[in-house]
Ligand code: MRU
């Protein structure tokens, strides 16, 4: 996508150094646009853990490039690839893309025998994973556009108001995004859209990242508190909800950023369609019960205790917002049961949550 007129992806191999991978450091947005070069797998693992790169698709691609860096940087790593893969996978447990991409790299690197071949394989596979991720986002955009077109027609061309949670835009993938991809496609096609952006405490991915993305693309949007969605739906100010997903079971349960479930409940109560934009590498083909079996990441309570912003000198600063003695709890994701999801928007089209396997029949017998 474009940043001030220049096309960017969220992760790429540095132009002139084959052992360097570049990322956009998302912890600095929306205040600064900083590109960071990473040249060893430990630093990439840290960038994933610290959420300099985040979002299910992007951490999958980052995990793949971490495996590439492990291979290219030190020949002796070849003997410890399983352990390195495990170390990378443990950085963020919920999004299934990370585990999927790292396992795919491991398998692929092991198909060849010489060190030179392993380096070449690791590079081409990491790049393929990144390219596929971007392409899935583009296709979700095309599929989801039809839903926005229908609503726009129903409203005789009036603005379609879409609520989204967290950041499931191009920053969460390698490009295009999931939940925001149909919105970008609608805007490009001249449809009138307006996005209600949940701020998404505690890390404020909505306020910091989604709002920044939409502003860059000139798409009308309004940031709201996480608790405002309910009244907006009751008043008829929301035509549809679209969110992304970090892990969707093959039965259609959706695990996404904490707070998604409450939006799904409010949407159900107000007959607002609740869509989840999801693609094959974020579907967990082995898990049936999302509530019971998806590992929910718990992060540091400092993310709740401190909040970041600009001070009066326009410098980035952090302040403590809790009584120092109060404990805090920080579950990063929740699970929305399939029964609350109107439909999934996938790279192969739109389906009811319990019908995923009909869109991906090759996964039926794995
Ligand atoms: O903790 P984050 O910022 O990595 O969480 C991201 C989300 O929850 C997104 O909604 C999700 O990754 C879907 S977009 C691929």
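Just so it is clear, none of the values below were taken in a lab; they were calculated from the coordinates. Since the model is a prediction, treat every value here as computed from it, not as a measurement. Quick reminder, even Gly has a Cβ in these numbers, built from the backbone with ideal geometry, and neighbours come from all protein chains shown.
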Working from Cα positions, state the angle (0 to 90°, nearest 10) between the long axis of helix 260-269 and the longest principal axis of the chain. 30
To the nearest 10 degrees, how steeply does helix 115-154 sit against the main Cα axis of the chain, on a 0 to 90 scale? 10
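Please compute the length gained on full extension between residue 17 and residue 49, using 0.36 nm multiplied by the number of residues separating them and subtracting their Cα-Cα distance.
Numbers: separation 32, 0.36 × 32 = 11.52 nm, distance 2.43 nm.
Between residue 17 and residue 49, full extension yields an extra 9.1 nm.
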Cut-off 19 Å (backbone N to label point 7 Å along Cα→Cβ of residue 194), residues of segment 256-290: 272-273
Taking the Cβ of each residue in 212, 100 as the centre, tally the other Cβ atoms inside 10 Å and list the residues starting with the fewest. 212, 100
For a paramagnetic label modelled at 7 Å from the Cα of residue 31 toward its Cβ, which residues of segment 293-337 fall within the zone defined by backbone nitrogen distances under 20 Å? 302-322
On alpha carbon coordinates alone, what is the Rg over Rh value for segment 160-313, Rh being the Kirkwood radius? 0.97
Round to a whole angstrom and tell me the spacing of the C-alpha centers of segment 275-347 and segment 57-130. 25
Quick one: grab the alpha carbon gyration tensor of segment 1-99, order the square roots of its eigenvalues as a ≥ b ≥ c, and give me rounded if a/c is under 1.5, else prolate or oblate depending on whether a/b is larger than b/c. oblate
Segment 49-177, relative contact order [Cα under 8 Å, separation at least 6], %: 34
Gyration tensor (Cα) of the chain, equivalent ellipsoid semi-axes in angstrom: 32, 24, 20
Indicate the gyration tensor shape class of segment 26-159 (rounded, prolate or oblate), computed on the Cα atoms with a ≥ b ≥ c the square roots of the eigenvalues: a/c under 1.5 is rounded; otherwise a/b larger than b/c is prolate and the rest oblate. prolate
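Listing 250, 184, 31, 68 from the residue with the fewest other Cβ atoms within 10 Å to the one with the most, what is the order?
Values: 250 19, 184 24, 31 14, 68 28.
Placing the least packed residue first, the sequence is 31, 250, 184, 68.
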Divide by every residue of the chain the summed helix terms, -39500 (n - 2.57) for each DSSP H run of at least 4, and state the resulting mean residue ellipticity at 222 nm, rounded to the nearest 500 deg cm²/dmol. -11000 deg cm²/dmol
Starting with the fewest neighbours, write out 302, 198, 311 ranked by other beta-carbon atoms found within 10 Å of each beta-carbon. 311, 302, 198
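For residue 268 and residue 291 in the same chain, what is the full-extension length gain: residue separation times 0.36 nm, less their Cα-Cα distance, in nm? The partial results should precede the final answer.
Numbers: separation 23, 0.36 × 23 = 8.28 nm, distance 1.88 nm.
Working it through step by step, the gained length comes to 6.4 nm.
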Label-to-label distance, nm, for residues given as residue 358 and residue 218 (7 Å Cα→Cβ offset): 4.1
Volume per residue (Å³) of the convex hull spanned by the alpha carbons of segment 80-199 is 106
Rg/Rg_globular for segment 239-281, with Rg_globular taken as 2.2 N^0.38 Å and Rg from C-alpha atoms: 1.13
Post the alpha-carbon centroid distance, segment 202-236 to segment 1-26, in whole angstrom. 26
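In terms of the ratio Rg/(2.2 N^0.38 Å) built on C-alpha atoms, what value belongs to segment 185-252?
Compactness ratio reported: 1.23.
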Percentage of Cα-Cα pair distances in segment 47-118 greater than 21 Å, rounded to whole percent? 21
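Would you kindly calculate the mean projected area, averaged across all directions, of the convex hull enclosing the Cα atoms of segment 1-53, in square nanometres?
On the way: hull surface 15.1 nm².
Seen from a random direction, the Cα hull of segment 1-53 projects 3.8 nm² on average.
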Please say if segment 150-200 is rounded, prolate or oblate, where rounded means a/c under 1.5 for a ≥ b ≥ c the square roots of the C-alpha gyration tensor eigenvalues, and otherwise the choice is prolate for a/b larger than b/c and oblate otherwise? oblate
Helix axis angle, 56-73 relative to the chain longest principal axis, alpha carbon, degrees: 10
Starting from the eigenvalues of the Cα gyration tensor, five times each then square-rooted, give me the equivalent ellipsoid semi-axes of segment 253-354, largest first, whole Å. 33, 17, 15
Report for the chain the percent antiparallel among DSSP-assigned beta bridges with both residues inside it, nearest 5. 55
If I model a spin label at residue 149 and residue 107 as a point 7 Å from the Cα along the Cα→Cβ vector, what separation in nanometres do I get? 3.5
